1. Considering only residues that are touching a helix residue (DSSP H, G or I) at 6+ places or on another chain (Cβ under 6 Å) and assigned to a helix (DSSP H, G or I), look in the stretch 242-263 and name the one that is farthest from the ligand (Cβ to nearest atom).
2. Please count how many residues of the stretch 334-351 are touching a helix residue (DSSP H, G or I) at 6+ places or on another chain (Cβ under 7 Å) and either within 25 Å of residue 441 (Cα to Cα) or buried (at least 20 other Cβ atoms within 10 Å of the Cβ) (or both).
3. If you scan the stretch 276-298, which residues turn out to be of a type in the set (S, T, N, Q), surrounded by 21 or more Cβ atoms within 10 Å (Cβ to Cβ) and either outside the structural domain of residue 248 (by TED's automatic domain parsing) or assigned to a loop (DSSP other than H, G, I, E, B) (or both)?
4. Considering only the stretch 299-318, state which residues are surrounded by fewer than 19 Cβ atoms within 10 Å (Cβ to Cβ) and in a helix (DSSP H, G or I).
5. Taking into account only those residues within the stretch 149-208 that are acidic (Asp, Glu), away from the ligand (no atom under 15 Å from the Cβ) and in a strand (DSSP E or B), which is nearest to residue 279 (Cα to Cα)?
6. Answer yes or no as to whether residue 273 is away from the ligand (no atom under 16 Å from the Cβ) and part of a loop (DSSP other than H, G, I, E, B).
7. Just to be sure I understand, how many residues within the stretch 297-356 are among the charged types (D, E, K, R) and either free of Cβ contacts under 8 Å to residues at least 12 places away in the same chain or closer than 24 Å to residue 271 by Cβ (or both)?
Amino acid sequence: MIRLWTMRRFGVITVTNSAIITPTAAFPGTLTLPSSTLRNHRLTNSIRFLQSPSLLSCFSSSSSSSSSSSSAAYLPSLDEFSQPKARDDNQKVILKGMTYGVLQEWVESHGFRPGQALMLWKRLYKDNIWAKDFDELEGLNKDFKRMVSEHAELGALSFKDIRSASDGTRKILFTLDDGLVIETVVIPCDRGRTTVCVSSQVGCAMNCQFCYTGRMGLKRNLTAAEIVEQAVYARRLLSREVGSITNVVFMGMGEPFHNIENVIKAANIMVDENGLHFSPRKVTVSTSGLVPQLKRFLRESNCALAVSLNATTDEVRNWIMPINRKYKLSLLLETLREELSSRHKYKVLFEYVMLAGVNDSMDDARRLVELVQGIPCKINLIQFNPHSGSQFIQTDEDKMIKFRNILAEGGCTVLMRFSRGNDQMAACGQLGMLGSVQAPVMRVPEQFRSSLRASV
Ligand code: SF4
């Protein structure tokens, strides 16, 4: 094994063959890579990734913590990636980043009546208009329309491409102002429900080992406008073709709670009854388990919550979801137990991606029943979606059903979700595009090595 050491203060990376050096408080961040990586390009990529702000901020966080254990090393800083640079075209405001209250204040500050704000709001979000150009703002007072066109922008995204999978799932690609690309997925369902899956970040810092997006690392947070516009655009582009878009899930690129300010704002805009008017029960925000942000979300938002669980022991979760090194399973679940005890008819959705030989044993199923005791919840078993470079193998359907049966016998409400949009890399965990810098592969616990693909 080769260990890579980073010294943030001096910007130095040292590669050493020593396997016995123990992480210390001063140098808490070690990543163990298979020695074979030294012989291929991925070492270079790993070193570049180690130099990137997302990972350096992880080391920085852990340095300042009291623990000297390497297990705390992988915590991304929540402040590191805030906003993209403001547009420089005369500092125009982006309307889709405003809640209705803020829009009203803005309209009044320019000398117009609040009623004009409502008319503008409806043209942005309602009545099948979903305006993206000023000439679509029909029926507005001329002076008001001129003021809006002089001081505001309607859109935050540029359409780039749309890809259709054989099962009807569509993946829409958008270019952002700074040239980065995000992906949004629309999933039609035969029960009259169509879901749009929105991204909240470009890439992701969490480095879940089964997720393609995680391998990108984090480029930046999306603004509230960039998040909202994905849902507006999906309705505008596809409503006629696939029927009304009824549900929103924040399960695209990124960890939504790593960008919680903009995510809560975007969710508020989406559920406004004069606008897009999604039911709060049908807007689901998913997290890998950022506990403080999860508490904040439950207190400030009435939208639904999903928690990506994916393991029944800390050992496995530490490996496949490094965020668990900071927020352990017991803390995550106890927080949910406490926070949900006072909420009426609110259930958290646990997502569980099934990885053959890793988290899909019948013992896992029995442990899962125990772990969720006392938490009002549903459990969603998700078929793993392979992608290039992934080391995991799908659990077969028969085993998923046996796993499901144990949960059901234990009193759990269980759903099973099979892959959608796989042939266009539009399925869960498949979004994004890898650059030359990639997140490092985490050390695989000895007993799981035989369950993984021999080479990736
Ligand atoms: S599963 Fe979600 S949180 Fe984890 S790396 Fe992928 S996008 Fe990020």
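1. Applying the filter and picking the extreme gives 262.
2. Looking only at the stretch 334-351, we keep the residues that are touching a helix residue (DSSP H, G or I) at 6+ places or on another chain (Cβ under 7 Å), and these are 335, 339, 346, 348.
Now restrict to residues that are either within 25 Å of residue 441 (Cα to Cα) or buried (at least 20 other Cβ atoms within 10 Å of the Cβ) (or both): 348.
Counting residues in the stretch 334-351 that are touching a helix residue (DSSP H, G or I) at 6+ places or on another chain (Cβ under 7 Å) and either within 25 Å of residue 441 (Cα to Cα) or buried (at least 20 other Cβ atoms within 10 Å of the Cβ) (or both) gives 1.
3. Within the stretch 276-298, 288 is the sole residue that qualifies.
4. 299, 300, 314, 315
5. Taking the stretch 149-208 as the starting set, the residues that turn out to be acidic (Asp, Glu) are 150, 153, 161, 167, 177-178, 183, 190.
Then drop every residue that is not away from the ligand (no atom under 15 Å from the Cβ), which leaves 150, 153, 161, 167, 177-178, 190.
Filter once more, keeping what is in a strand (DSSP E or B): 153, 161.
Values: 153: 27, 161: 29 Å.
Looking at the filtered set, the residue picked out is 153.
6. On the way: away from the ligand (no atom under 16 Å from the Cβ): yes; part of a loop (DSSP other than H, G, I, E, B): yes.
Considered against the rule, which asks whether it is away from the ligand (no atom under 16 Å from the Cβ) and part of a loop (DSSP other than H, G, I, E, B), residue 273 comes out as yes.
7. Start the filter on the stretch 297-356 by keeping residues that are among the charged types (D, E, K, R), which leaves 299-300, 314-315, 317, 325-326, 328, 334, 337-339, 343, 345, 347, 351.
Next, from what is left, pick out any that are either free of Cβ contacts under 8 Å to residues at least 12 places away in the same chain or closer than 24 Å to residue 271 by Cβ (or both): 299-300, 334, 338-339, 343, 345, 347, 351.
Summing the residues that are among the charged types (D, E, K, R) and either free of Cβ contacts under 8 Å to residues at least 12 places away in the same chain or closer than 24 Å to residue 271 by Cβ (or both) in the stretch 297-356 gives 9.
Matching residues to (1) surrounded by fewer than 23 Cβ atoms within 10 Å (Cβ to Cβ); (2) touching a residue at least 40 places away in the same chain (Cβ under 8 Å); (3) outside the structural domain of residue 284 (by TED's automatic domain parsing):
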residue: 142; (1), (2), (3): yes, no, yes
residue: 179; (1), (2), (3): yes, no, no
residue: 193; (1), (2), (3): yes, yes, no
residue: 218; (1), (2), (3): no, yes, no
residue: 231; (1), (2), (3): no, yes, no
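The values are calculated or read from the model by the stated rules, or taken from the named source; none is laboratory data. It should be emphasised that the depicted structure is a prediction, and the values quoted were computed from it without experimental measurement. Backbone-built Cβ (ideal geometry, glycine too); neighbour counts: all protein chains shown.
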